[in-house]
Amino acid sequence: MTYLRDVGALARKDLLLELRAKETLPAMLLFVVAMLTIFHFALPSGSSDAATLGLLWSALVLTALLGLTRAFVAEREQGMFDALVLAPCDRSAIWLGKSLSVLAFLVCAEAVALPAFALFFSGVDARTVAAVALADLGICTVGTLFGAMAVAGRARELLLPLLFLPAAIPIVVGGVGGYLWFLALYDVLFAVLAWATFEYVVAET
Amino acid sequence: MIRGHGLAKRYGDRRVFSGIDVELADDGFLLVTGPNGSGKTTLLRMLAGLAAPTTGELELPPRASIGYLAHDPLVYRELTPIENLNLFARLYRIPERGERVGMLLERFGLWEARHQRVSSFSRGMQQRLGLCRVLLHSPPLLLLDEPFNALDAEGAGLLDALLREGSRACVVATHEPGRVAHLATARLAFA
C-alpha cells in the first residue's frame, strides 16, 4: 500500500505541474488534430480503411512521443531527479508515477483524436478502441523508461525518438492488425522489464 | 558515518580528482574548499550516493540518513512550498507530516508564503525552502553544497544556527570557508 501511495503522490504531482504550466497537453491536442487534418487532405479519396487506420496509429505514436519528450522536463531542468532518487522509496515508484501521468495525458489526447478521426475518415469500432487502450499502456511504460534514459544522456533530444520509435513498431503492428493478445503481451513484457530496470537507469555510474 | 579511501572520479579522459580519503564521525564536520570546478560538487554527489567513484572504496549510510542540498534547491518551481514539502514528507515516510512541514516553514520564515508558487520566490527564498526539504526527515548526515549562496543576513543566521547545533554529521563545500571554518573538525582542500 505504501508503494501505491508513493506512486499516487508522484503521479498527482505531475498532474498538478501540468495543470499549472499547461504546456504538454495543449501541445499534444494541437499536434494530433493537426496531424489528422493533414492526413485528411493528403490521403486520396476512396482510400481503404486499413490505410486510414495506419495513419491514425502513426498520429497516436507521434503524439505520445511529443508527450514523452516533455515528461521529465521538470526533473531535468530543476535537477529533481537527484531529490527523487535520494528519497528512500522504491525507485520504480518514480517510473510508475510518471507512466500514469503520461497515460492520463495520452488518454486526454485520444479523447479528441478518435472523434476527429471518425469525423475525417471513418467510424472507430470497439476493437480499435480496445487496441488503443492496450497500446497506451505499452507506450507509457516503455516510453517513460526511455524518457528517463534520455534525460541522463547528452543528446537527449535525439536519444528518445531513436529508442522509442523502434520499440513502438510492434505497437503499430498490433494496433493496425487489431491483435489485442499481442498488444497485451507487449504490455506485460515491457512493464515488467521497465519496472525491473528503472533502478539501474537512474543510478549514475 | 562516512568512510572513503582512495576515491577518484573521471569523466572519460578528464580526471576530476583522485586519491581522496574521507572519514567522518557521527558528529563530525568536514569542510571542503577549493575554487570553482575543482571537484567539490562531484565529491558531495559521490557522498550522497548520486555518483559512483571511478576507483576507491566508499562506505555510506542509507539514503534515508542523508540530507543533500545541491547548487539548485531541488524543489519543483510550479508547486508551492507546502506541496513540495508534503510530497517529500510522503516519500520519506514522515509521521505527522503537517506538523513537521509547518514547523520548518515557520523556522525558515516561509510560512506566510506557503501557498505561493516557488517560481515567484527570490533565489534566497528558494534556498531557504531547499534547506527545509533537506531537514524534513531529520537526517543524521547533511551534505551542503555552497549553502550560503543567495541567503540574506537573516537566512545565513538561520543556517549558522543549524550548523552550530552539532548533533549531526555535516559536509559543507564552499569557496568561502570563513563562515564555517570554526566548526570544522576536518578539512579537505581541492586545488
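Using only Cα atoms and rounding to the nearest 10 degrees, what angle (0 to 90) does helix B:153-164 make with the longest principal axis of chain B?
60
DSSP loop GluC sites (Glu not before Pro) in the range B:74-158 with at most 15 other Cβ atoms within 10 Å of their Cβ, which ones?
On the way: sites: B:E78, B:E83, B:E96, B:E99, B:E106, B:E112, B:E154; in loops: B:E78, B:E96, B:E112.
Loop-located and lightly packed - B:E96, B:E112.
Between the DSSP loop rule and a limit of at most 12 other Cβ atoms within 10 Å, which trypsin sites (Lys or Arg not before Pro) in the range A:91-199 are left?
Values: sites: A:R91, A:K98, A:R127, A:R154, A:R156; in loops: A:R91, A:R154.
Taking the range A:91-199 and a limit of 12 other Cβ atoms within 10 Å, the loop trypsin sites (Lys or Arg not before Pro) found are A:R154.
Which whole-number percent gives the relative contact order of the range B:77-139, counting Cα pairs below 8 Å spaced six or more residues apart?
Working: 55 pairs, mean separation 30.4, N = 63.
With pairs under 8 Å counted, the relative contact order is 48 percent.
Helix-only mean residue ellipticity at 222 nm, chain A, DSSP H runs n ≥ 4 weighted -39,500 (n - 2.57), per residue, nearest 500. What is it? Display every interim value, and only then the final one.
Details: 9 runs with 175 residues, N = 205.
Calculated at 222 nm, the ellipticity per residue is -29500 deg cm²/dmol.
Against the longest alpha carbon principal axis of chain B, how many degrees, from 0 to 90 and to the nearest 10, is the axis of helix B:123-135 turned?
80
Between B:L60 and A:D49, what FRET efficiency comes out of the Förster formula 1/(1 + (r/R0)^6) with R0 = 41 Å and r the beta carbon distance, rounded to 0.05?
Numbers: r = 60 Å, r/R0 = 1.45.
Taking R0 as 41 Å, the efficiency between A:D49 and B:L60 is 0.10.
Compute the distance from the alpha-carbon center of the range A:77-145 to that of the range A:150-186, in whole Å.
Cα centroid of the range A:77-145 versus Cα centroid of the range A:150-186: 12 Å apart.
So what's Rg/Rh here for the protein assembly as shown, counting alpha carbon atoms and using the Kirkwood radius for Rh?
The Rg/Rh ratio comes out at 1.05.
For the range A:164-205, which chymotrypsin sites (Phe, Trp or Tyr not before Pro) are both in a DSSP coil and crowded by at most 15 other Cβ atoms within 10 Å?
Numbers: sites: A:F164, A:Y179, A:W181, A:F182, A:Y186, A:F190, A:W195, A:F198, A:Y200; in loops: A:Y179.
In loop regions of the range A:164-205 (DSSP not H, G, I, E or B), there are no sparsely surrounded chymotrypsin sites (Phe, Trp or Tyr not before Pro).
List the lysines whose alpha-carbon lies under 18 Å from that of A:K98, not counting same-chain residues fewer than 8 positions away?
Counting by Cα, and skipping residues close in sequence, A:K98 has these lysines nearby: A:K13, A:K22.
Per-residue ellipticity at 222 nm for chain B, helices alone: DSSP H runs ≥ 4 residues times -39500 (n - 2.57), over residue total, nearest 500 deg cm²/dmol?
Numbers: 5 runs with 55 residues, N = 191.
About -8500 deg cm²/dmol.
Kyte-Doolittle cut-off 1.0, length cut-off 24 Å along the helix's own axis using Cα: show which whole DSSP H helices in chain A pass. Mind showing how you got there, number by number?
On the way: long enough: A:2-21 (28 Å, 0.10); A:24-42 (27 Å, 2.08); A:49-71 (33 Å, 1.35); A:92-120 (40 Å, 1.75); A:126-152 (39 Å, 1.59); A:156-177 (32 Å, 1.67); A:180-202 (32 Å, 1.71).
Both cut-offs are met by A:24-42, A:49-71, A:92-120, A:126-152, A:156-177, A:180-202.
At a threshold of 8 angstrom on Cα-Cα distance, excluding pairs fewer than six apart, so keeping six or more, what relative contact order does the range B:1-141 reach in percent? Mind dumping the intermediate values first?
On the way: 189 pairs, mean separation 35.8, N = 141.
Dividing the mean separation by the residue count of the range B:1-141 yields 25 percent.
Any read-out appearing in this document is the output of simple, stated calculations on the displayed coordinates, not a laboratory observation. Note that the structure is a prediction, hence the values are computed from the model and not measured. Cβ coordinates were reconstructed from backbone atoms using ideal geometry, including for glycine residues, and neighbour counts include every protein chain displayed.
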